1. Express the carbon and sulfur contribution to the solvent-accessible surface of segment 238-373 as a percent, rounded to the nearest whole number, probe 1.4 angstrom.
2. Relative contact order (percent) for segment 249-379, with alpha-carbon contacts under 8 angstrom and 6 or more residues of separation?
3. Taking R0 as 45 Å, what's the FRET efficiency between TYR460 and GLN265 from their Cβ-Cβ distance, rounded to 0.05?
4. What net charge is computed for the residues neighbouring PHE182, neighbours being all others with C-beta under 9 Å from the C-beta of PHE182, Lys and Arg scored +1, Asp and Glu -1?
5. Amide H of TRP128: which non-local residues (sequence gap of 5 or more, or other chain) have their own amide H closer than 5 Å, using H built in the peptide plane?
6. For the pair LYS151/GLN382, report the inter-label distance in nm, with labels modelled 7 Å from Cα in the Cβ direction.
7. How much length would be gained if the chain were fully extended between ASP92 and GLU437, taking 0.36 nm per residue of separation minus their Cα-Cα distance, in nm to one decimal?
8. How much accessible area per residue does the chain have, in Å², with a 1.4 Å probe?
Amino acid sequence: AGTRRYAGRWTAEKVPMGPPDPILGLNRRNKEMRSSAIRSATALAPRAAFVATKPSSAGTRRYAGRWTAEKVPMGPPDPILGLNDAFNKDTDSRKVNLGVGAYRDDNGKPWMLPSVIEAEKRLLEKGWNGVKQKEYAGITGINEFNTASLKFAFGADSPAIKENRIAAAQVLSGTGGGRLAFEFYARFLGKGTTVYMPDPTWANHLPMAKDAGLNLGTYRYYDKKTIGLDFAGMCEDIKNAKEGSVFMLHACAHNPTGVDPTIEQWKELSALFKKKNHYVFFDSAYQGFASGDAEKDAESMRIFVRDGHDIAVAQSYAKNFGLYGERIGCFSMVAQSSEEAERVLSQIKILIRPMYSNPPIHGARIVATILNDPVLNKQWYQECKSMADRIITMRKTLKDTLAKEGSTRNWEHVTSQIGMFCFSGLTPEQVDKLRSEYHIYMTKNGRISMAGVTSKNVGYLAKAMYEVSK
């Protein structure tokens, strides 16, 4: 409780209180709103009439294509989705897809969590808070979801929560939360601000920051020689960065390497970031899914908050709740006072409003129902642990089977890494050989999605990996 905090860095001069949304903030003034709508409709009437009466026929002359190849070149395919397309076109019965970052059961099928099915059933039967409706959420989404998300990430007994020092908004999963963080930094730290990311990181992090107007920097993270964490290099790069720089960290189950700092290393990192007065943004996509223990997986973030950092966090509920297509996440920023948090939230709303106005409600209601119900919450913990345990079992089986095949390479990293992905250490040439000769698909950097490994294909995978790497 006596930990020294930063003086609130998002000052009123830097982050002023944003004005209320002119529409959402004026529900009590329906007459004025209706009058304004009528005036707007009247002003648009001449154009609407023109559009409606404009002649149209099959023989109407079109423009020559204005978006020429010189002006709009063909974009490259997404490396992950392109891999999936190639897999789907492969007709070999032995094919194995280890590229997609989505959980599969031991039969290689998607798994809908029973707790999610039960939550949906309740919502269908009873509605939301006793009312069956699909009304818009506010700009920041479902309040019960945001409150539960903060407790999930920071702990129910977090002083920052009790003191109302966290600005939070429901967002479009981890990608939406990350983009919102980068937009906030670009607006209030300035376009061209450098954000430092681990080398390597999830490929989508880079365009998310770049498209927000930030410059990209990296810090050392993965050591190819040890197939582990380059902790010394990481610390050196943090020390050498300009004071008050922005750093992005993976809260747990680093993507793509599966390599995480230890708890003691997280404590050292927290002290180092504090000394350098850096801004810290956590991407938390695998809480509970990494180790099977949601409390343990959140410890990195909680260490930083206990040490007085004003961190930002993007939470995703895609992997741990299996809600991939619902696009459910929470973005939060820890402040040093409730007044600072209120101002920060006002500006978050202003960023969200023209981007997507307000978030989808269904998935957020599911998560809120599960996290806020003691029985469903306990059930979810067990189900999430079962997913993590299956992946941990497949890691051990793969390592043991490689040894049985006769491989003399050190495969300890297969079991020491954590989460959905295993950074195998295979070269791009070996990955190409796996694909062309064995119909096994993984990304060029040797990243294996362990969710695609099952008791039925692990033997075939181990044999193929041994053959291309011996």
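1. On the way: 1940 of 4010 Å².
Of the solvent-accessible surface of segment 238-373, carbon and sulfur hold 48 percent.
2. Reported as a whole number, the value is 19 percent.
3. 0.80
4. Values: positive: ARG179, LYS210; negative: GLU183, ASP211.
Net of charged neighbours comes to 0.
5. Here the answer is GLN133, since their amide H atoms fall under 5 Å of that of TRP128.
6. 2.1 nm
7. Details: separation 345, 0.36 × 345 = 124.20 nm, distance 1.07 nm.
Full extension of this stretch gives 123.1 nm more.
8. Details: 23280 Å² over 470 residues.
The answer is 50 Å² per residue.
The values are calculated or read from the model by the stated rules, or taken from the named source; none is laboratory data. What you see is a predicted model; the values in this text were computed from it and never measured. So basically every Cβ, Gly included, is an ideal-geometry build from the backbone, and we count neighbours across all protein chains shown. Heads up: the accessible areas ignore ligands, DNA and RNA and are worked out on the full protein's heavy atoms, side chains in. Shrake-Rupley method; radii C 1.70, N 1.55, O 1.52, S 1.80 Å.
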